[in-house]
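Asker: First the structure, then my questions, so here it is.
The values are calculated or read from the model by the stated rules, or taken from the named source; none is laboratory data. From a predicted model like this one, the values you see are computed outputs, not experimental measurements. Virtual Cβ from ideal backbone geometry, glycine too; neighbours counted across all protein chains shown.
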Amino acid sequence: MDSLPTVLLKPGEADRVVAGHPWIYQGSILRLTQPASEGDVVQVKDHRQRFLGVGFYNPKSRINVRVLAPERVAVDRAFFEQRIRAALGHRQKHLPQATSFRVVNAESDFLSGLIIDKYEDVLVVQISSLGMDQRKPMIVAALQTIFSPRAVVERSDISSRKFEGLSEANGVLAGSLEGHVTIRLNGLEFSVDLLGGQKTGLYLDQQVNYGRVAELVAQAPGGQVLDCFTFLGGFALHAARAGAAHAHGIDQSAEAVAAATHHAATNALADKCSFEAANVFDWLKAQTATQPHEKIIPRFDLIVLDPPSFTRTRAAVPDALRGYKEIHLRALKLLKAGGTLVTFCCSHHVDAVTFQEVILAAAYDARRILRRVAIFSQGPDHPVIPAIPETEYLKGYAFELAR
C-alpha cells in the first residue's frame, strides 16, 4: 500500500474528507507524489502527510479522487463483496419485507459512482465513475456470489458519465433477460422494462411512501384521488387498494399511462383507477380555468404531486420554484375542504425549508390555510449521510386543507 501514488491536499482541504465526504476536487489537490493512471487507486494525505484514505483517481473529472475507505484496503473482489453485503444488511434491517429495492446507493453506501438495484431476481447496475467502470468484472462477480441472480443488467445511460471520460453503456452483463420483469411493491404487482425503462427501471425510492400515503387514504376511505406525474401508477394503485372510491393518474408519457393501466388490471383495480396522457401543468390549468364570476368546485379528497426534478443545477432553482408554486396553487384549488395534499420534490438543490415556503406561498395566493400532517423522505434503501449532503434529495409533505 505504501507504493500507491499519494495525493497531497492543500491546507484546509482535509476536514471534509475526515468528516466523511468522498469527493476531492481538482482545486483541493496540492500535488501528486508520483504519476497515477486514470482509474488507479491512490492514497490521500493532508498537507502534513497524515493519511486520510484511499480512492479512485481520475484527472479527467472535476472530482479528481473518489475516496472509498479511511483505511488502507485492497480494492478487489473481496472488497466489493464485503461492501455490498454490508449495504444489503442495512436494507434487510430496515425493509425486511421488500423483495425489490436499491442495494447500493453510491455515496450513501461508501461506493461512490456505483448504484445497484434489485428487481426480484434481476440486478441492475449503473456506473458513473471511471474507477468503478474499470472494475466492472469484480463487481459482477461479487453480485453473482451474493445473490445468484437470473441476470445482471447494466443501465449506465446517464449524462454524468461523460464528465468521467466514459460513454454510455447498456446491456446484459451476466445471465439472460427477455421481456419485462414482474416485481412486487407492498404486495402490488408491477411490470418493469429493465432494458428500456426510466432510470434503472422504476422509482424504488418511493416504496415506503406509497404505503404511508395509502394509510392516509385508509383513514378517510371512499374519496376521490388525483395522482399527478403518476408514471407507472404507484400512488394511484396504492390509494385504490387502500379504499379510495376512484384514483385518476396523469402522466405526459403515453407509454407510462399504458403501463399504469395494465398494472391496474393486473392488480384487479381497473374499476377504481383511470389514467390519462397529458401535460400535468396544462391539465391543472384547464381544470382551474374559470369564466368571470364562476367558482371552481373542488373535486378531490387527496391529491399527489410527485414531479420529476425541475432543476439539475443551482442556477435554475428560481425557475424551478416558479414551477413548483404554479402546480401547488392549481392543485389547492381542486382540493376539497379537509382534503389532503401530498407533495414531493426530488431536486437536491431545493431544500425542505425552501420547498415548504413555496407551498405556503401558493396556499397564500389561493387563500388556503394548511395543516401539516406528515413529512416524507427517501426510503431507507436510499440512505442519507448528513456529512454528504448530496445523498439527500427527496423530501415531501402531507398537508390537510384546514380552511
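Asker: For the range 309-319, enumerate the residues that are at pLDDT 85 or above and closer than 18 Å to residue 285 by Cβ.
Answerer: The one that is at pLDDT 85 or above and closer than 18 Å to residue 285 by Cβ: 319.
Asker: Regarding the range 144-151, can at least one residue be identified that is at pLDDT 95 or above and buried (at least 22 other Cβ atoms within 10 Å of the Cβ)?
Answerer: For the range 144-151, residues at pLDDT 95 or above and buried (at least 22 other Cβ atoms within 10 Å of the Cβ): absent.
Asker: Additional query: What residue, of 387, 331, is of a type in the set (A, V, I, L, M), touching a Gly at 6+ places or on another chain (Cβ under 9 Å) and farther than 22 Å from residue 98 by Cβ?
Answerer: Working: 331 fails: touching a Gly at 6+ places or on another chain (Cβ under 9 Å).
From the options 387, 331, the qualifying one is 387.
Asker: Another question about this same structure. Can you name every one of the strands (runs of 3 or more DSSP E) wholly within the range 1-63 that holds 2 or more residues which are touching a strand residue (DSSP E or B) at 6+ places or on another chain (Cβ under 6 Å) and under 18 Å from residue 107 (Cα atoms)?
Answerer: Result: 23-25, 41-45, 51-57.
Asker: Please verify whether the range 292-302 includes one or more residues that are within 25 Å of residue 378 (Cβ to Cβ), at pLDDT 90 or above and surrounded by fewer than 20 Cβ atoms within 10 Å (Cβ to Cβ).
Answerer: No, the range 292-302 contains no residue that is within 25 Å of residue 378 (Cβ to Cβ), at pLDDT 90 or above and surrounded by fewer than 20 Cβ atoms within 10 Å (Cβ to Cβ).
Asker: Can you confirm whether the range 277-287 contains a residue that is surrounded by 24 or more Cβ atoms within 10 Å (Cβ to Cβ), in contact with a Lys or Arg (Cβ under 6 Å, 6 or more places away or on another chain) and free of Cβ contacts under 8 Å to residues at least 60 places away in the same chain? Steps first, please.
Answerer: Keep residues of the range 277-287 that are surrounded by 24 or more Cβ atoms within 10 Å (Cβ to Cβ), which gives 284.
Within this subset, residues satisfying the condition of being in contact with a Lys or Arg (Cβ under 6 Å, 6 or more places away or on another chain) are 284.
Now drop any that are not free of Cβ contacts under 8 Å to residues at least 60 places away in the same chain, which leaves 284.
Checking the range 277-287: at least one residue is surrounded by 24 or more Cβ atoms within 10 Å (Cβ to Cβ), in contact with a Lys or Arg (Cβ under 6 Å, 6 or more places away or on another chain) and free of Cβ contacts under 8 Å to residues at least 60 places away in the same chain.
Asker: In addition: So residue 106 clears everything in (1) within 24 Å of residue 34 (Cβ to Cβ); (2) at pLDDT 95 or above except one condition, right? Which one?
Answerer: Exception for residue 106: condition (1).
Asker: Please go through the range 10-19 and pick out each residue that is out of contact with any Ser or Thr (no Cβ under 7 Å at 6 or more places or on another chain) and either in the same structural domain as residue 108 (by TED's automatic domain parsing) or surrounded by 15 or more Cβ atoms within 10 Å (Cβ to Cβ) (or both). Talk me through it step by step, then tell me what you get.
Answerer: Taking the range 10-19 first, the residues out of contact with any Ser or Thr (no Cβ under 7 Å at 6 or more places or on another chain) are 11-12, 14-19.
Listed by number, the residues that qualify are 14, 16, 17.
Asker: For the range 362-383, state whether one or more residues are surrounded by fewer than 16 Cβ atoms within 10 Å (Cβ to Cβ), outside the structural domain of residue 117 (by TED's automatic domain parsing) and among the small types (Gly, Ala, Ser).
Answerer: no
Asker: Is there a residue being under 13 Å from residue 64 (Cα atoms) and basic (Lys, Arg) anywhere in the range 22-34?
Answerer: yes
Asker: I need the strands (runs of 3 or more DSSP E) fully contained in the range 331-403, keeping only those with at least 3 residues that are out of contact with any Ser or Thr (no Cβ under 8 Å at 6 or more places or on another chain) and at negative phi.
Answerer: Result: 335-345, 370-377.
Asker: Could you tell me which residue of the range 238-258 is surrounded by the most Cβ atoms within 10 Å (Cβ to Cβ), considering only residues that are out of contact with any helix residue (DSSP H, G or I) (no Cβ under 6 Å at 6 or more places or on another chain) and within 16 Å of residue 306 (Cβ to Cβ)?
Answerer: Result: 257.
Asker: Okay, moving on. Can you give me the ranges of the strands (runs of 3 or more DSSP E) entirely in the range 118-215 with at least 3 residues that are within 16 Å of the chain's Cα centre (by Cα) and without any contact (Cβ under 8 Å) to a residue 60 or more places away in the chain?
Answerer: Numbers: elements: 122-127, 151-156, 169-175, 181-185, 188-192.
Correct list: empty, since no element meets the threshold.
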